[in-house]
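Note sheet for the following structure.
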Protein chains: 2
Amino acid sequence: MNPAKYNSVTAEVADELKRIVGEKFVIFKDDEKLEPYSRDEIPGTEYRAMPEVVVRPGTAEEIALIMNLANREMIPVTPRGAGSGLSGGAVPVFGGIVVSMDRMNEIIEVDKENMMITVEAGVVSNEINERLKDDGLFYAGYPMSLETCFIGGNVAENAGGGKAVKYGVTSRYVLGLEVVTPTGEIVQLGGKRIKDVTGYNILQLMVGSEGTLGFFTKIILKLMPLPKYQVDLLCLFNTSREAIDVVPRIMTEGGVIPTSIEFMDKLAVKTTCDYLNETLPYENAGAMLLISVDGSDKARLEEEYELIGEFCEKAGATEVYVADNPTTSERIWKIRRNIAEACSLITPRQCGEDIVVPPASIPVMISEFDKICGKFDVTIPCFGHAGDGNLHARIVSNPDWTDEYWHDILPKILVELYALTKKLGGTLSGEHGIGCKRKKYIGHVVSEVYINLMRAVKNAFDPNHILNPGKIFD
Amino acid sequence: MNPAKYNSVTAEVADELKRIVGEKFVIFKDDEKLEPYSRDEIPGTEYRAMPEVVVRPGTAEEIALIMNLANREMIPVTPRGAGSGLSGGAVPVFGGIVVSMDRMNEIIEVDKENMMITVEAGVVSNEINERLKDDGLFYAGYPMSLETCFIGGNVAENAGGGKAVKYGVTSRYVLGLEVVTPTGEIVQLGGKRIKDVTGYNILQLMVGSEGTLGFFTKIILKLMPLPKYQVDLLCLFNTSREAIDVVPRIMTEGGVIPTSIEFMDKLAVKTTCDYLNETLPYENAGAMLLISVDGSDKARLEEEYELIGEFCEKAGATEVYVADNPTTSERIWKIRRNIAEACSLITPRQCGEDIVVPPASIPVMISEFDKICGKFDVTIPCFGHAGDGNLHARIVSNPDWTDEYWHDILPKILVELYALTKKLGGTLSGEHGIGCKRKKYIGHVVSEVYINLMRAVKNAFDPNHILNPGKIFD
């Protein structure tokens, strides 16, 4: 992926794009309108790059024509959902064409009999459950950014989310995809089938491929019966260690699989309460767990959350609050959902990580964070999906440092963090992806053989390296 | 994959194999001992082929050396688990080397804290749960042939099974694989992580690749808390149609996801009862559903099975038996597990199919079977995982036909069956795979673009087409 081999978008190419999608759906030679397409939600300016042209197609066929053109002209193409990613997946690192999926935002069909829904890639994830709530069904795979992200981006990143402990991540729910390949062909993968072993699982290879192996134009998702009740427990602890220690034990000793087990340390909660102007009586706790259980049997649910509460209290919880009504639940979850945004406002000199380790290794991981903080003189507010072993450690610069020092020291901190993660059997990213942000570190946790297998797949699907170059691996 | 390009196994090659794995683990020039490696569980003799040599390695490193040798000498290699497959995946269609995984049969580690188990490929699937039962954990992905099949074969075929309605199929539980690639490299994919988006999902591309993309030498499986109770309902109906109609409604209207919803028609049950010498009072029912629910809350379970019983009775069930003890449960499940074997003994002129359709289309599919039976004058005993839309229709020859006529008419019946399946949104195989048996029909249900993507992956991983050639696609 040598940038020198790519060509620029000429006025002629822009005209041809206008003929494909319609003039009003092309942005060209207008930096102010192009700029929002240069970035995703990574704080700071490091992972930004301006596109030469933005195209907003309305159909799979239009995308296929764009890909044909791009291959012919050797112009890189970067797919873009809502731009809510956290690894630079939607950033056009070599310029070229950004293809925004925002116009392809239709919920095509709700199939209640088969408990499936067919949507276009540009549907905001939250709209799916809004549409389904009267049907007694729900889509369980959505991530924390559900209010803004697109379902197509969720599939491209194999997004995780708040309910993954019990329900798994996006991939479990993707039954079918209509894909435009990097060479401009349209292919149907999977379908309305619960099981399917008719050939290689190219469908699941596409899920999590970060927009480098194809555009998703139609997505068939599996739905679940909507649980009638959800109860959230907010459990306060004096220390992170106490909170984290209890997480694996709830599942192994308690035999309960909660819907969510979210961890927030003191700094994460405080920052978010300030940001939301929320005054919670417990904002000064040392750490908290937000644990949800859901189900359609109220008595069973009560047993479950009482058992969880007992486990937490035995583990040193100072308070266990029960939120069994939507208003209180929403107030708590709003904090959890806004942590990332709140933290990102502290300083641009920070780096949000997404490491994942075997769940039982989380307590060790948290202890090691303390050592890293001490050694490098940084703070690491920490939150995330403790039940999955997925921690969003956020490395925040010492406020006294210069930009230069921060950029010098950060890679050293990351290398140490990743080495530790690997030693514990973990890896770089649980749900945010590699993108351009973590590309240079992927070799720290996976083998060259694995990278070569990925390269072989990429070369096979996209011989010209036209689709989303500069991501995941070189 | 032109067979002419492959070389034969010479005495020198056999000697080199003996040096790699040890002399006593190589079978060469001994047709009687080689013969069992020429076939799997497909009835009849059509899909059989003799290997030239059988090798039984003990380590991943030995397999890597075998693959290096095979690439150098251009000799095809076919991996073999327990040989319990139903699509010819383990059949060495071009002769060459069969690599039997039976010696790599160790349960390496039970990790209770992380609820994961690490096993070698040659472990009999049932042994996993035998080992786990005292730990309050279980592996939910196993198929019906659990008493004989190997876990490696389950992963290679992405086996489904009795519990897939609630728990999903094998792929959901595969967290990590150690793989020997077709070019003889050893690579670790995934690991003890609940979530992982560090690069392409090569792990799930391997699952279900039918031994054509790599050998699995270590497998890390996710475990679940063992439900304390299981109740089985045996629901008798006058007609298949009545039984099948109720299946999707239990889940959509009832909001209950049973562990299993197995369908058996009259012919399937009668044949199996005769085979097992079992005299069930209900052997004359027109059709039956075997529905299981599991959980750790007895009261909830009772509510669930009562609700299911009511749905069945409203749908026309003549009897609903409740088996809430292991002895009665085992008696019923034994029938279900033995249907395939019992049917296969009726006549060698039969063809076991594995079609899968959207669950709500099962009633239509069953009606269409009747039409096919009428049109072609065959019988189709039918059973399978009705809750997944996966039916094991077994096309049985009219006893008056000659072998010649049967071999002439069968492809016509299959083409009609597959066309119908495709029309209903279904496909060739839900869990048995394509192998060499269904290869010639794959183009009837999937597109050339999809086949080309699979070809590209195969070429990228196995440029010499050494590993398990002649399977899935040409």
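Quick notes
- For B:Phe138, distant residues with modelled amide H under 5 Å away: B:Met224, B:Leu226
- Bridging of B:Lys440 to aspartates and glutamates at a Cα separation below 17 Å is possible for B:Glu46, B:Glu210, B:Glu353, B:Asp354, B:Asp408, B:Glu416, B:Glu448, B:Asp474, once same-chain residues fewer than 8 apart are set aside.
- A:Ser38 sits among other residues whose Cβ lies under 13 Å from its own Cβ, and their net charge, with Lys and Arg +1 and Asp and Glu -1, is -4.
- Across the identical copies, the label point of A:Glu127 (7 Å from Cα in the Cβ direction) is separated from its matches by 5.3 nm, in order from shortest.
- Vicinal HN-Hα couplings computed from phi for the stretch B:196-211 (Karplus, 6.51 cos²θ - 1.76 cosθ + 1.60; Hz; Gly/Pro x): 6, 10, 7, x, 4, 7, 5, 3, 6, 5, 5, 5, x, 8, 6, x
- For A:Arg72 and B:Asp474, a Förster radius of 30 Å and the Cβ-Cβ distance give a FRET efficiency of 0.50, rounded to the nearest 0.05.
- Diffusion coefficient of the stretch A:255-413 by Stokes-Einstein, Kirkwood radius over Cα pairs, 25 °C, 0.890 mPa s: 144 µm²/s.
- Among the protein heavy atoms, those of A:Glu278 account for about 40 Å² of accessible surface (1.4 Å probe, every chain in place).
- Straight-line cross-link reach from A:Lys29 at under 19 Å between alpha-carbon atoms covers these lysines, not counting any fewer than eight positions away in the same chain: A:Lys18.
- With viscosity 1.567 mPa s and temperature 4 °C, the Kirkwood radius over alpha carbon pairs of the stretch B:229-340 converts through Stokes-Einstein to a diffusion coefficient of 93 µm²/s.
- DSSP bridge pairs, the protein assembly as shown: antiparallel proportion in percent, nearest 5: 85
- In the stretch B:445-470, burial by the other protein chains removes 20 Å² or more of accessible area from B:Val449, B:Tyr450, B:Leu453, B:Met454, B:Ala456, B:Val457, B:Ala460, B:Phe461, compared with the chain on its own (1.4 Å probe, ligands and nucleic acids ignored).
- The calculated Kirkwood hydrodynamic radius for the stretch B:277-360 is 15.6 Å, given to one decimal from all distinct C-alpha pairs.
- Summed side-chain charge close to B:Ala340 - residues other than B:Ala340 whose Cβ falls under 13 Å, Lys, Arg +1, Asp, Glu -1: -4
- Mean accessible surface per residue for the stretch B:320-389, computed with a 1.4 Å probe while every protein chain stays in place, in Å²: 37
- When only alpha carbons are used to place a centre, the stretch A:326-369 and the stretch B:156-180 end up 31 Å from one another.
- Packing around the peptides A:407-418, A:442-453, taken as the average count of other Cβ atoms within 10 Å per residue, puts them in this order, highest first: A:442-453, A:407-418.
- With pairing defined as another cysteine C-beta under 4.7 Å, the cysteines of chain A that fail it are A:Cys149, A:Cys273, A:Cys343, A:Cys351, A:Cys373, A:Cys382, A:Cys436.
- Only the Cβ atoms of Lys and Arg (+1) and of Asp and Glu (-1) were treated as charged; on that basis the dipole of the stretch A:122-161 about its Cα centre amounts to roughly 60 debye.
- Between the stretch B:391-431 and the stretch B:66-100, the Cα center-to-center distance that results, in Å: 28
- For the stretch B:1-122, the share of DSSP beta bridges that are antiparallel, to the nearest 5, is 50%.
- Sorted shortest first, the separations between the B:Ser8 label point and its copies elsewhere in the assembly read 6.6 nm; each point sits 7 Å from Cα along the Cα-to-Cβ line.
- Base-10 log of normalised Debye intensity for the stretch A:47-148 (one unit scatterer per alpha-carbon) at q = 0.11, 0.25 Å⁻¹: -0.43, -1.29
- Other protein chain Cβ atoms within 10 Å, averaged over every residue that makes up B:378-389: 1
- Karplus 3J(HN,Hα) series, Hz, for the stretch A:305-311 with 6.51 cos²θ - 1.76 cosθ + 1.60 (x for Gly, Pro): 6, 5, 4, 4, x, 4, 4
- Each residue of the stretch A:237-245 is assigned a 3J(HN,Hα), and the resulting list reads 10, 6, 9, 4, 4, 4, 5, 5, 4 Hz, derived from the Karplus form 6.51 cos²θ - 1.76 cosθ + 1.60 (θ = phi - 60°), x at Gly and Pro.
- Shape metrics for the stretch A:431-474, restricted to C-alpha atoms - Rg then Dmax, Å: 10.5, 28
- Each Lys and Arg adds +1 at its Cβ and each Asp and Glu adds -1 at its Cβ; summed about the Cα centre, the stretch A:229-340 shows a dipole of about 380 debye.
- One chain, two ends: A:Lys371 and A:Lys314. Fully extended at 0.36 nm per residue, the span grows by 17.8 nm beyond their Cα-Cα distance.
- Mean-position separation - Cα centroids, the stretch B:220-275 and the stretch B:193-218, in angstrom: 30
- Within straight-line cross-link reach of A:Lys266, lysines at Cα separation under 21 Å, skipping those fewer than 8 residues along the same chain: A:Lys314, A:Lys334, A:Lys371, A:Lys375
- A quarter of the convex hull surface defined by the alpha-carbon atoms of the stretch A:107-225 gives 7.0 nm² as the mean projection.
- Distance-filtered residues of the stretch B:240-283 - backbone nitrogen under 12 Å, label point 7 angstrom along B:Leu345 Cα→Cβ: B:271-278
- Computed about its Cα centre, the charge dipole of the stretch A:346-433 is approximately 240 debye, with only Lys, Arg, Asp and Glu carrying charge at their Cβ.
- Take every DSSP beta bridge whose two residues both sit in the stretch B:346-433; close to 90 percent of them are antiparallel.
- When the P(r) of chain B is calculated, the portion above 36 Å amounts to 30% of the C-alpha pairs.
- Added length on full extension, which subtracts the Cα-Cα distance from 0.36 nm per residue, B:Thr148 to B:Lys298: 50.8 nm
- Cross-link pairs beyond the 30 Å C-alpha cut-off, checked among B:Lys24/B:Lys437; B:Lys222/B:Lys422; A:Lys270/A:Lys412: B:Lys24/B:Lys437; B:Lys222/B:Lys422
- For the segment B:422-428, counting C-beta atoms of other chains within 10 Å of every residue's C-beta and taking the mean gives 4.
- Sum of side-chain charges, B:Glu303 neighbourhood, beta-carbon under 12 Å (Lys, Arg +1; Asp, Glu -1): -2
- Given R0 = 22 Å, the distance between the Cβ atoms of B:Arg331 and B:Thr379 translates into a calculated FRET efficiency of 0.25.
- 7 Å along Cα→Cβ, label-point gaps from B:His407 to other copies, nm, shortest first: 7.4
- Fraction of accessible area attributable to carbon and sulfur, the protein assembly as shown (%, probe 1.4 Å): 48
- For A:Thr45 and A:Gln188, the FRET efficiency from 1/(1 + (r/R0)^6), where r spans their Cβ atoms and R0 equals 35 Å, is about 0.30.
- Angstrom value of the Kirkwood radius, inverse mean 1/r, which spans all Cα pairs in the stretch A:321-474: 17.4
- Chains B and A together bury roughly 6000 Å² of accessible surface, counting both sides and using a 1.4 Å probe on protein heavy atoms.
- Over the Cα atoms of the stretch B:29-81, the radius of gyration divided by the Kirkwood radius equals 1.01; this is the Rg/Rh ratio.
- Each listed q (0.07, 0.08 Å⁻¹) maps to a log10 I(q)/I(0) for the protein assembly as shown, found by the Debye formula over equal Cα scatterers with no solvent: -0.58, -0.77.
The values are calculated or read from the model by the stated rules, or taken from the named source; none is laboratory data. These figures come from a predicted structure and were not determined experimentally. Here the Cβ is made from the backbone with ideal geometry for all residues, glycine too, and neighbour counts use every protein chain on show. To get the accessible areas, we keep the full protein, side chains included, count just its heavy atoms, and leave off ligands, DNA and RNA. Shrake-Rupley method; radii C 1.70, N 1.55, O 1.52, S 1.80 Å.
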